Amino acid sequence: MRQKIVAGNWKMNKNNTQTQALITELLQQLPATDAKVMIAPTFVNLAKAVESANNSAIEVVAQNMHQAEGGAFTGEISADMLTDIGIKTVILGHSERRAYFHETDALLANKVDTALKHEMKIIFCFGEELKDRQDKQHFNVVEYQLKDALFHLDKAAWQNIVLAYEPVWAIGTGETASPAQAQEMHKFIRETIQERYGNEVAEQVSILYGGSVKPDNAKEIFSQPDVDGGLIGGASLNAADFIGIINGI
Ligand code: 13P
């Protein structure tokens, strides 16, 4: 059975007080579920969030990290800094990192290697832009994002990889991929992994969908056979909506 996951990417939202308040609400309202529930507050609030969620069913994860071990990289955060405060998982390759901070698949391959070296799990994000889909290049784009950032890994490393397909045109726009579009792409992703790594890896890797998931569309998207959960932005910033989405899995 593949691990089901619902993860909230809080992006650059919530100060420390608000982070603590939302964690308290989530801990009070969290339903019993087989799915793994994760939240990704901003760096500055991570240490306290880890403490607050300690021994709970919620895992606190990071939104990003630098590829170097340490040194003169003003403003950056290393894998060691994250693991030292109890962070075990990092989101890498989010489309906002790619678009606004020029992260390429080659750079992301480096970040992936550093995270794995520190025994961290990775939620690796990728997905096509609107123009790629209009030009019917979306399968190509997704295939090369995967190959360029992840296909240097050996089979064993895949135990620590979760994929998050996030079509850029569906992020923060209110426009969601239809359940059929999500399933079509998730199936393609799993087949691409199967061709390179075989059935075992392809069948065990969790593939999350991200892009305007809300309580009212979560259930239908999550019910697709190759969709193993979601990476949620806006709707994870409010306890009722995030819990509503978790109830959809
Ligand atoms: P929205 O759910 O706000 O569209 O964001 C999705 C996302 O970017 C999660 O990483």
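Looking at region 119-144, which of its residues are in contact with a Phe, Trp or Tyr (Cβ under 7 Å, 6 or more places away or on another chain) and either of a type in the set (A, V, I, L, M) or away from the ligand (no atom under 15 Å from the Cβ) (or both)?
Once the filter is applied, which keeps residues that are in contact with a Phe, Trp or Tyr (Cβ under 7 Å, 6 or more places away or on another chain) and either of a type in the set (A, V, I, L, M) or away from the ligand (no atom under 15 Å from the Cβ) (or both), region 119-144 yields L130, R133, F139, V142.
Take the residues in region 21-34 that are aliphatic (A, V, I, L, M) and away from the ligand (no atom under 16 Å from the Cβ); name whichever of them is nearest to S56 (Cα to Cα).
L27
Within region 220-229, does at least one residue satisfy the condition of being farther than 16 Å from I5 by Cβ, in contact (Cβ under 8 Å) with a residue 24 or more places away in the chain and surrounded by 19 or more Cβ atoms within 10 Å (Cβ to Cβ)?
The answer is no; no qualifying residue exists.
Would you tally the residues in region 151-167 being surrounded by 24 or more Cβ atoms within 10 Å (Cβ to Cβ) and more than 16 Å from the ligand (Cβ to nearest atom)?
Here the count works out to 0.
Would you please list the contacts, defined by Cβ atoms under 9 Å and residues six or more apart or on different chains, that run from a residue in region 198-216 that is over 21 Å from F126 (Cβ atoms) to a residue that is crowded, with 19+ Cβ neighbours inside 10 Å and among the polar types (S, T, N, Q)?
From region 198-216, the pairs are K214/T176.
Residues checked against (1) touching a helix residue (DSSP H, G or I) at 6+ places or on another chain (Cβ under 9 Å); (2) closer than 16 Å to G8 by Cα:
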{"site": "H186", "(1), (2)": "no, no"}
{"site": "R190", "(1), (2)": "yes, no"}
{"site": "P215", "(1), (2)": "yes, yes"}
{"site": "E220", "(1), (2)": "yes, no"}
{"site": "G233", "(1), (2)": "no, yes"}
{"site": "D241", "(1), (2)": "yes, yes"}
{"site": "I249", "(1), (2)": "yes, yes"}
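One residue is enough: does region 5-20 have a residue meeting the conditions touching a strand residue (DSSP E or B) at 6+ places or on another chain (Cβ under 8 Å) and more than 12 Å from the ligand (Cβ to nearest atom)?
Yes, region 5-20 has at least one match.
Would you mind telling me which numbered condition in (1) among the polar types (S, T, N, Q); (2) exposed (fewer than 14 other Cβ atoms within 10 Å of the Cβ); (3) within 16 Å of the ligand (Cβ to nearest atom) N64 fails?
Result: N64 passes all but (2).
Does region 119-145 hold any residues that are among the aromatic types (F, W, Y) and in a helix (DSSP H, G or I), and which are they?
F139, Y144
Conditions first: (1) touching a Pro at 6+ places or on another chain (Cβ under 8 Å); (2) within 16 Å of the ligand (Cβ to nearest atom). P179 passes all but one, so which condition is the exception?
(1)
Pull out all pairs, ordered by first then second residue, where Cβ-Cβ is under 9 Å, the residues are six or more apart or on different chains, the first lies in region 1-15 and is crowded, with 17+ Cβ neighbours inside 10 Å, and the second is of a type in the set (K, R) and assigned to a strand (DSSP E or B).
Partner pairs satisfying both residue conditions: K4/K36; I5/K36; V6/K36; A7/K36.
Restricting region 191-237 to residues that are polar (S, T, N, Q) and more than 9 Å from the ligand (Cβ to nearest atom), which is farthest from the chain's Cα centre (by Cα)?
Applying the filter and picking the extreme gives N199.
Check region 25-36 and report whether any residue there is loosely packed, with under 13 Cβ neighbours inside 10 Å and of a type in the set (D, E).
Yes, there is a match, as at least one residue in region 25-36 is loosely packed, with under 13 Cβ neighbours inside 10 Å and of a type in the set (D, E).
Any residue that is more than 26 Å from Q183 (Cα to Cα) and surrounded by fewer than 18 Cβ atoms within 10 Å (Cβ to Cβ) - is there at least one of those in region 119-140?
yes
Would you please name the residue that is farthest from D241 (Cα to Cα), looking only at residues in region 168-219 that are of a type in the set (S, T, N, Q) and surrounded by 19 or more Cβ atoms within 10 Å (Cβ to Cβ)?
Of everything passing the filter in region 168-219, T176 is farthest from D241 (Cα to Cα).
Could you please let me know if T114 is among the hydroxyl-bearing types (S, T, Y), buried (at least 17 other Cβ atoms within 10 Å of the Cβ), farther than 16 Å from L163 by Cα and in contact (Cβ under 8 Å) with a residue 24 or more places away in the chain?
Judged against the criteria, T114 is a match.
Each reported figure results from applying straightforward, stated rules to the coordinates on display, with no laboratory input. Predicted model, so just to flag it, every value in this text is computed and none were measured. Quick reminder, even Gly has a Cβ in these numbers, built from the backbone with ideal geometry, and neighbours come from all protein chains shown.
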